[in-house]
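The values are calculated or read from the model by the stated rules, or taken from the named source; none is laboratory data. Values in this document were obtained by computation on a predicted structure and should not be read as measured data. No Cβ is skipped: glycine too gets one built from the backbone with ideal geometry, and neighbour counts run over all protein chains shown. Calculation scope for accessible area: heavy atoms of the full protein, side chains included, ligands and nucleic acids excluded. Shrake-Rupley method; radii C 1.70, N 1.55, O 1.52, S 1.80 Å.
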Amino acid sequence: MNQNRKIEMLEKLAEMYPEARAELHFTNPYETLMATMLSAQCTDRQVNRVTPAVFARYPDVLSMAEAREEDLYPMVRSCGFKSKAGNMIAACRKIREDYGGQVPDTREALMSLPGVGRKTANVVLSNAFGVPAFAVDTHVFRVCNRMGLCQAETVEETEKQMTELLPEEDWGVTHHRLIWHGRRVCKAQHPLCEGCALRNSCAFVNQEA
Ligand code: SF4
């Protein structure tokens, strides 16, 4: 797909989702990190149901670093994976010990925390610190490859191609627009192509025709 067509689709996507933003609820880097860790393989809605009680009981890195897994796990059990509670506590202990209790603002430091991979690090960089980063989750990977914005086999290659395509200042907002489109229209099992405003340019539809 040529560059002009990709840019047209990105402009259309911006028109479709002028309000696109993170759907997880958080107010500071600590909450951003904890909520993003909980969101792996879980809906944002479910994470938003549990985090008010978690943040009330453990309002910062230091209190979470002192948490006991047997107390935290029942509070986050509905978000899946027992390892999430252990990783949240372990990540905060490492932040306390290695980063003076402040959530670090570099990808390398974030990825050194237990349970934090590149996607989570990119989400935190972009949402908590305003550092340009393009996080590739399951929606972003599916949607931008389907549409033809990139042609990638892996999330790493998707991130590389998309960050080459987009100006840095658009990385964060485009990530949110692609997620919104993936949740509302370009769904995993049954994309709603009939009513999709990107239909005329989309590689998926035009391959099928
Ligand atoms: S036309 Fe279909 S496949 Fe293409 S972006 Fe829209 S919903 Fe997704």
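Has region 186-207 got at least one residue that is of a type outside the set (A, V, I, L, M), away from the ligand (no atom under 16 Å from the Cβ) and under 26 Å from E11 (Cβ atoms)?
Looking through region 186-207, none of the residues is of a type outside the set (A, V, I, L, M), away from the ligand (no atom under 16 Å from the Cβ) and under 26 Å from E11 (Cβ atoms).
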message: Among the residues of region 123-138, are any among the polar types (S, T, N, Q), under 27 Å from G86 (Cα atoms) and either open to solvent by less than 40 Å² (accessible area, probe 1.4 Å) or away from the ligand (no atom under 16 Å from the Cβ) (or both)?
response: yes
query: Would you call M16 within 30 Å of G195 (Cα to Cα) and at pLDDT 95 or above?
result: yes
- line: Within region 177-201, residues open to solvent by less than 20 Å² (accessible area, probe 1.4 Å) and in a helix (DSSP H, G or I) come out as L178, I179, H181, G182
- line: Of the candidates R118, R77, R96, the one satisfying the condition of being of a type outside the set (S, T, N, Q), within 26 Å of W171 (Cβ to Cβ) and out of contact with any Lys or Arg (no Cβ under 6 Å at 6 or more places or on another chain) is R118
- request: For residues that are in a helix (DSSP H, G or I) and free of Cβ contacts under 8 Å to residues at least 24 places away in the same chain, scanning just region 151-167, find the one that is farthest from V140 (Cα to Cα).
  value: E164
- prompt: Do we have N87 as touching a Pro at 6+ places or on another chain (Cβ under 9 Å), farther than 30 Å from N206 by Cβ and assigned to a helix (DSSP H, G or I) here?
  reply: yes
query: Out of the residues in region 25-59 that are assigned to a loop (DSSP other than H, G, I, E, B) and in contact (Cβ under 8 Å) with a residue 40 or more places away in the chain, which is nearest to P104 (Cα to Cα)?
result: N28
message: Looking at A40, A35, A53, can you tell me which residue is within 21 Å of the chain's Cα centre (by Cα) and open to solvent by 30 Å² or more (accessible area, probe 1.4 Å)?
response: A40
Out of T158, T154, T106, sole residue that is among the polar types (S, T, N, Q), crowded, with 19+ Cβ neighbours inside 10 Å and either more than 14 Å from the ligand (Cβ to nearest atom) or modelled with pLDDT of 95 or more (or both): T158
